[in-house]
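Chemist: The structure is given below, and queries will be raised subsequently.
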């Protein structure tokens, strides 16, 4: 799924959890963790590519065979950041260090789960990495029909949240 949709779905999920549980949950941080796997994977290679362009190492910002060879490490970043195993270890470690679970980090988990079913081919998520290279061959998130359904569902979810907020505001007792 694209990074914008990940951010919005995570924010929607965080808002619903926050409203239902009344637990302190920062929606903006949840949205950050919802896009973290893609930021972790693609920011470093993008910065390197821009640096190469700025220093004259390459004459285009577009990928070429040479940069593909030199940026192979990005696949390890991708597998690491899209792994349920890595997420579980990091989430558990943060829980131990903070003395409580950091619920906002569940946005990272949501990202992985969504990507398992919406990626295929070379981007199939190896969600058990480093224990396994298995990747489920899901649907193509960039397909037109999926984009329409996905963003249509996001609009409905956001509208539902907005209506609920308005309804609660009108039902709130006035002093």
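The values are calculated or read from the model by the stated rules, or taken from the named source; none is laboratory data. Remember, predicted model here, so these are calculated numbers, not experimental data. We place every Cβ from the backbone using ideal geometry, glycine too, and count neighbours over all the protein chains shown.
Chemist: Could you please find all residues in region 144-156 being over 18 Å from the mean Cα position of the chain (by Cα) and within 15 Å of residue 11 (Cβ to Cβ)?
Modeler: The answer is 155, 156.
Chemist: Filter region 37-60 down to the residues that are within 26 Å of residue 7 (Cα to Cα) and over 21 Å from the mean Cα position of the chain (by Cα), then identify the one that is surrounded by the most Cβ atoms within 10 Å (Cβ to Cβ).
Modeler: 49
Chemist: Next question, about the same structure. Residues that are surrounded by 12 or more Cβ atoms within 10 Å (Cβ to Cβ) and touching a residue at least 24 places away in the same chain (Cβ under 8 Å), at least 1 per element: which helices (runs of 4 or more DSSP H) completely within region 65-175 meet that?
Modeler: The helices (runs of 4 or more DSSP H) meeting that bar are 73-81, 84-98, 106-118, 144-171.
Chemist: Going through region 1-15 one residue at a time, which ones are part of a helix (DSSP H, G or I) and crowded, with 16+ Cβ neighbours inside 10 Å?
Modeler: Residues satisfying the conditions are 5, 6, 7, 8, 9, 10, 11, 12, 13, 14, 15.
Chemist: Okay, moving on. When you look at residue 23, is it under 30 Å from residue 137 (Cβ atoms), at pLDDT below 95 and surrounded by fewer than 18 Cβ atoms within 10 Å (Cβ to Cβ), yes or no?
Modeler: No: the conditions fail for residue 23.
Chemist: To continue, here is another question. Take residue 39 and tell me if it is part of a helix (DSSP H, G or I) and more than 30 Å from residue 150 (Cα to Cα).
Modeler: no
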